[in-house]
Amino acid sequence: MIISMNEFLIFSLVSLGFIIFFIVYIVLERKKSKKENLNRINVLKQVLDGNYNARILNKGNKKENIDFYINDLIEKLQRINYNMILNEERIKQQLSNIAHDLRTPLTSIIGYLDAIKNDVATDTKEFEKYFTIVYDKAKEMKRFSEEIFEYTRIEAGDYNICNIDLVQSA
């Protein structure tokens, strides 16, 4: 089989066309890949700066694309950050409640002690009444502080809780 010069020239041009197409394709893919990587880096920098709404935009197949997994991690980080903010708010509210629960009986104690100090209690019966109120408020504060202490021990894992079979114990 002998090929003519025209056939050889056409074959050579087609082959050269395929080679040029392949080279252009590789160059364009590398540029596209570089642009996608710059986009990924930009989004990750935004996330590191606290913008948890940033996402990598990509039209590829979700299950086979690293961008899907990066966006999934960003979403999980966003949820963790949101829950952390909620927990901080709850802690602030609980501290405010604790301060109020301690301040109320303490204010009462100080008021009654001031009354005793300034001789408002004129007789023994009134003095004993004031003293009993002060004593009860002090016990209330002690009980409350013990509850806080026990709670913090449980939360810290320093408390041994054991299971007791109540049916067998009875």
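Quick look at the values:
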quantity	calculated
Under Karplus coefficients 6.51, -1.76 and 1.60, residue-wise ³J(HN,Hα) of segment 38-51 in Hz, glycine/proline x	5, 4, 4, 4, 4, 5, 5, 5, 4, 5, 4, 7, x, 8
Residue-count net charge about PHE127 - beta-carbon cut-off 12 Å; Lys, Arg +1, Asp, Glu -1	-1
Cα-based radius of gyration of segment 20-134 once divided by 2.2 N^0.38 Å, which approximates compact folds	2.46
13 Å beta-carbon shell around GLU140, net charge (K/R +1, D/E -1)	+1
Globularity ratio of segment 79-160, using Cα Rg and 2.2 N^0.38 Å	1.59
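A short reminder: the numbers here are calculations on the coordinates, not readings from a lab. None of these values were measured; they are calculated from a predicted model. Don't worry about glycine lacking a Cβ; one is built from the backbone with ideal geometry, like all the others, and counts go over all protein chains shown.
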